[in-house]
Structures are given as structure tokens and as C-alpha cells.
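Data first, discussion second: the structure below is written as C-alpha cells.
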Amino acid sequence: MKVIICGAGQVGWQIARHLSGEANDVTVIDSNPDLVRRAMDTLDVQGFAGFASYPDILDKAGARDADMVIAATHSDEVNMVICQVAHSIFSVPRKIARLRSQSYLTAIYSDLYRRDHLPIDVVISPEREVAEAALRRLSAPSAFDIETFMGGKAQVLGIRLEADCPVINTPLRQLSDLFSTLKVIVIGVRRKGRLFAPDAGDQLFVGDECYLCIAREDVPRTLEVFGKSSAKQERVVLIGGGNVGLTVAQALEKHETRIRAKVIERNRTTAEHAADALERTIVLNGDGLDVALLAEANIERADAVLCVTDDDKTNLLAAVRAKSEGCKMAIALINDPTLIPLMAPMGIDAYINPRATTVSSILRHIRHGRVKGVYSIGDAEAEIIEAEVLSTSPISGQAIRDIPFPEGVLIGALMKNGEVIKPHGGTRVEEGDVIVLFAMAADVPEVERLLQVTIDFF
């Protein structure tokens, strides 16, 4: 597949990294020559320095025979123009744009993106994606990572094992026998910084970070088994009332169970805008690091604090300050992946990485065969893939134990006729089934071959 990526920032670079690693023909365009050079030096991609909205630049980058254009520059308007030029002049079949402004995303204006108006096939909103990720984090407070699959019928939870965990030092095979009715599989383990797909004979140790694939109805019981509480979040304090904070606060107001939220925003204009947009949420104007203001927000009684300002270091400090004042749980928004190892020593419970979230949502739309969902883990170390089994696939009609999956691949869940089941070695995979797989990054091309979701299939 020939892909042109416009914008070589963090998001553009990560997408280029994923796609070039899978033998796609990738070209990167950015107005900053240094970023283009970095992409060409570190990745197997072509690069052009210039404004991606200019037709001659797109032409040089090979837009005439491109299969897809991904517009991920810093400007919404530039991203829109790129898609328009790619459609009108070069007839590029598929166009994806990252749009941040909420005004462009309002449902009543959705006609804007029709093919005969502004031809954008997929609109990605980082703020909306991040807000959804934040709400998922709040729904499972004891997990440091959470993603839903199979239309909400299955979840992947990332949990850190503490000394009081009942299943420490138990081989995974024995775990399956002990809790045979529980639809849960340990699909990935991070130990001492290394991520791997565990074997049936592997044990779990204190300090391990485990990724569990669970049927939704079994989540509370699974958390109990792994020594985690599934307490409800009833009081939430948001530090940061910008686009992300406002979107989360609005979603909390619409939540089926009553959640009392308070927002702390430093900028007066932004705070006033948030106060006008919210109905039941109290908005406080001031510094989220101010102890007196945190006390005013009743931080000691809050179930969770969500730090979503536009500065990573402020988010880290605010999370630590809130915990020191008695808040039970702290979640921080972190753009810089190098800061993530600091979370555990600082006592921060969970983080949200907007770039990883945006990359995952773009990958989901790129793999547009029967791959329904893609979630990137860590620093693009592994992927969780949800896919429908095709009749032409080599795995169709085979028992799981007979499928030649690489070592770093595990099936976490299988859905037959709308029902999620726990897969065993003897479980037969049939056409129309939906599977959730954990695959190390190096094994993704082989997984896509087995699922026959490759460009030659289309």
C-alpha cells in the first residue's frame, strides 16, 4: 500500500514507523526539514520538506498513485485543505484527517465531510479519543491501561501485581483450571521493562504488569481474583478545563450513574468558557497545584483526580500533590513517553498518552479489511488486534492448537454468534468468528498474513 503522511511530528512519525515496518511504501511530508530528515534517518521512508497542502509538493510525494493520505499536521485547516487537494486533483481513494477543534466535530455539521463537500473519509479527534480513554480509566480504577473490543463485550485491562495478589507464583495453566468458568486470559506480561507473550507454564510475580483479556461480565470477579478493587468513582476532580477536560466533564454529566465532578482551570477565559458549557459541574479558577484550592475542591474526599492540562510536568506534579492531600487515585495526561517510567516511583496510578491513543485510532482505520480494532501497547512494542475471520483465511476451520501462530502471539478472546467465549487449544475457529489477538510488533505481518488482511487481498 502506498501511503503519504503529512506531518512528521510525534503522531506522524509513529504511524510512519508502524506502516514502514509492515512493508508499505511510505512517504512523509513536513514543512520542517529537520523532522523529515529524522524520519528518513530512522525509518524506511521517503521524505519531502515543504507544505503538504501545496499540489506540487503532493505531486512530488507521489499522490497520483497513492492509496491513502493521512493529514496529521498541527493545523486543522491545513489538514482539511490537504484532503481536498488529494481528492480533487489526485483522486486519492482514502483520506484521513486529524481535527482538534470541537466546532468541526459537532454532529449537526457532519454533512461537511461528504464526498461532494469536503472529502474526508475518516476524522480523528485526539481530544475526543483522549476523553474516551480517560472515562475508560475511571471505569476501572485499579487498571493502568484499558481498551474495549468486540463492541464493548470484551475488555483488555493492564494491571500491576502487588504483594497481596492471591495468584502470585501460580502457573497460568493452573490459574485456568482453578477459575475455569472465568472468561479471562493473560495475553501479555511486562517484567523488568520487557514485554512478552506468556506461556502456559509461566508464573506471575510481584511487580509484573499483566494485560488481561476479559469478557465484560467477568471484569469485577477477575479484578477480585487479582487482588484489585472495583470501587465506583463517585467524586472526580479535573485539573485542566481545556478541550480534553471539558469533554471529560461533559461526558461525566451524561453518565448513567451520578458522578460529582469539579474542574480547576488556571486561565480565567478558559474557566469561564467551561463554566458556561457545563450544567452541574463546579468550575474553580486557579492553580491546580495550590493546596488551598485543592482543599476547596474537597480533594481529600475525591475518588480520583484527572490531570489533563497541556503541560506534562504540571500534570505529574498536580497528580503527586493531589495524592499527598488525600486523593485515592491519580491519572495524568502524558505526551512524552520518556516520562512514563517516572509514574510508579511518583505514586501515580495511571496515565493517558494522547499520541498513542491517536495512533491506535488511525491504525484501526488503516487496516480496513476485516480488522475491526487495533490497540498499540507501550512504545509500539506490541499490538492487540480484533479481526473477523474470513472464509479465505488459512486459520478458518482450524483448531487453535493447529494454527501456526508465531511464539509472540496469543488469542485472548473469541466471539461466536455474538457470544464471547474463552478459547482453548481444541476450539475451532470458523468463518465469521471475531478474534482478539495479542501480537508482538515483529509478528504483526505474519498475523495479518494468517488473517489474509493484506493489500493483495483487496
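The values are calculated or read from the model by the stated rules, or taken from the named source; none is laboratory data. All values reported here derive from a predicted model rather than from experimental measurement. Don't worry about glycine lacking a Cβ; one is built from the backbone with ideal geometry, like all the others, and counts go over all protein chains shown.
Identify, please: which residue in segment 305-335 is β-branched (Val, Ile, Thr) and assigned to a helix (DSSP H, G or I) and is, among those, surrounded by the most Cβ atoms within 10 Å (Cβ to Cβ)?
314
Could you run through segment 76-94 and say how many residues are exposed (fewer than 15 other Cβ atoms within 10 Å of the Cβ) and farther than 18 Å from residue 1 by Cβ?
3
Please report, ordered by residue number, the strands (runs of 3 or more DSSP E) entirely within segment 127-205 with at least 1 residues that are at pLDDT below 85. Don't jump to the end; show me each part of the working.
Values: elements: 145-149, 154-160, 184-191, 194-196.
In segment 127-205, the matching strands (runs of 3 or more DSSP E) lie at 145-149.
Condition first: polar (S, T, N, Q) and in contact with a Leu (Cβ under 8 Å, 6 or more places away or on another chain). Can you find one or more residues in segment 174-181 that meet it? Lay out the reasoning, then the answer.
To start, the set of residues in segment 174-181 that are polar (S, T, N, Q) comprises 174, 176, 180-181.
Retained after the next criterion (residues that are in contact with a Leu (Cβ under 8 Å, 6 or more places away or on another chain)): none.
No; the residues of segment 174-181 include none that is polar (S, T, N, Q) and in contact with a Leu (Cβ under 8 Å, 6 or more places away or on another chain).
Which residues, counting only those in segment 404-423, are out of contact with any Asp or Glu (no Cβ under 7 Å at 6 or more places or on another chain) and surrounded by 14 or more Cβ atoms within 10 Å (Cβ to Cβ)? Steps first, answer last, please.
Our first condition is that a residue be out of contact with any Asp or Glu (no Cβ under 7 Å at 6 or more places or on another chain); within segment 404-423, this holds for 404-405, 407, 410-413, 417-423.
If the condition is that a residue be out of contact with any Asp or Glu (no Cβ under 7 Å at 6 or more places or on another chain) and surrounded by 14 or more Cβ atoms within 10 Å (Cβ to Cβ), then 405, 410, 411, 412, 413, 420, 421, 422, 423 are the ones that fit.
Looking at 397, 432, which is the one that is without any contact (Cβ under 8 Å) to a residue 40 or more places away in the chain, surrounded by fewer than 15 Cβ atoms within 10 Å (Cβ to Cβ) and farther than 20 Å from residue 222 by Cβ? Even if it seems obvious, please write down each step before you answer.
Numbers: 432 fails: without any contact (Cβ under 8 Å) to a residue 40 or more places away in the chain.
Of the residues listed, the single one that is without any contact (Cβ under 8 Å) to a residue 40 or more places away in the chain, surrounded by fewer than 15 Cβ atoms within 10 Å (Cβ to Cβ) and farther than 20 Å from residue 222 by Cβ is 397.
Report yes if some residue within segment 248-255 is modelled with pLDDT under 90, assigned by TED's automatic domain parsing to the domain that holds residue 317 and charged (D, E, K, R); otherwise report no. First the steps, then the outcome.
Going residue by residue through segment 248-255, those that are modelled with pLDDT under 90 are 248, 250-255.
Next, from what is left, pick out any that are assigned by TED's automatic domain parsing to the domain that holds residue 317: 248, 250-255.
Checking which are charged (D, E, K, R) leaves us with 253-254.
Yes: one or more hits.
Could you tell me how many of the residues in segment 206-264 are aliphatic (A, V, I, L, M) and farther than 24 Å from residue 294 by Cβ?
Residues meeting the conditions: 7.
Output the qualifying pairs, or none if there are none: Cβ atoms under 6 angstrom, residues six or more apart or on different chains, first residue in segment 200-218 and within 22 Å of residue 375 (Cβ to Cβ) and in contact (Cβ under 8 Å) with a residue 24 or more places away in the chain, second residue of a type in the set (Gly, Ala, Ser) and surrounded by 14 or more Cβ atoms within 10 Å (Cβ to Cβ).
211/158; 211/188; 213/412; 213/413; 215/154
For segment 209-243: of the residues being assigned to a loop (DSSP other than H, G, I, E, B) and touching a helix residue (DSSP H, G or I) at 6+ places or on another chain (Cβ under 8 Å), which is surrounded by the most Cβ atoms within 10 Å (Cβ to Cβ)? So that I can check it myself, show each step before the final result.
First, the residues of segment 209-243 that are assigned to a loop (DSSP other than H, G, I, E, B): 226-234, 240-242.
Keeping just the survivors that are touching a helix residue (DSSP H, G or I) at 6+ places or on another chain (Cβ under 8 Å) gives 229-230, 233, 240-242.
Values: 229: 10, 230: 15, 233: 23, 240: 27, 241: 30, 242: 17.
Checking each candidate, the answer is 241.
For segment 20-32, what are the residues that are of a type in the set (Asp, Glu) and surrounded by 20 or more Cβ atoms within 10 Å (Cβ to Cβ)?
Passing the criteria: only 30.
Out of the residues in segment 33-57 that are part of a loop (DSSP other than H, G, I, E, B) and out of contact with any strand residue (DSSP E or B) (no Cβ under 6 Å at 6 or more places or on another chain), which is surrounded by the most Cβ atoms within 10 Å (Cβ to Cβ)?
Within segment 33-57, the first condition is being part of a loop (DSSP other than H, G, I, E, B), and the residues that meet it are 43-45, 50-54.
Among the residues that remain, those that are also out of contact with any strand residue (DSSP E or B) (no Cβ under 6 Å at 6 or more places or on another chain) are: 43-44, 50-51, 53-54.
Details: 43: 19, 44: 15, 50: 16, 51: 16, 53: 23, 54: 15.
Checked segment 33-57; the qualifying residue surrounded by the most Cβ atoms within 10 Å (Cβ to Cβ) is 53.
Scan segment 436-458 residue by residue and report those that are surrounded by 15 or more Cβ atoms within 10 Å (Cβ to Cβ) and either among the basic types (Lys, Arg) or modelled with pLDDT under 80 (or both).
448, 451, 452, 453, 454
How many residues does segment 7-32 hold that are part of a helix (DSSP H, G or I) and either more than 22 Å from the chain's Cα centre (by Cα) or aromatic (Phe, Trp, Tyr) (or both)?
1
Among the residues that make up segment 95-103, is at least one of them in a helix (DSSP H, G or I), surrounded by fewer than 17 Cβ atoms within 10 Å (Cβ to Cβ) and over 17 Å from the mean Cα position of the chain (by Cα)? Give the derivation first.
Step one: list which residues in segment 95-103 are in a helix (DSSP H, G or I), which gives 102-103.
Checking which are surrounded by fewer than 17 Cβ atoms within 10 Å (Cβ to Cβ) leaves us with 102-103.
Those left that are additionally over 17 Å from the mean Cα position of the chain (by Cα): 102-103.
For segment 95-103, residues in a helix (DSSP H, G or I), surrounded by fewer than 17 Cβ atoms within 10 Å (Cβ to Cβ) and over 17 Å from the mean Cα position of the chain (by Cα): present.
Here are the criteria: (1) more than 23 Å from residue 255 (Cβ to Cβ); (2) in contact with a Gly (Cβ under 9 Å, 6 or more places away or on another chain); (3) not hydroxyl-bearing (Ser, Thr, Tyr). Tell me which single one residue 333 does not satisfy.
Condition (1) is where residue 333 drops out.
Identify, from the list 278, 223, 212, 195, the residue that is more than 26 Å from the chain's Cα centre (by Cα) and of a type in the set (A, V, I, L, M).
On inspection, the qualifying residue turns out to be 278.
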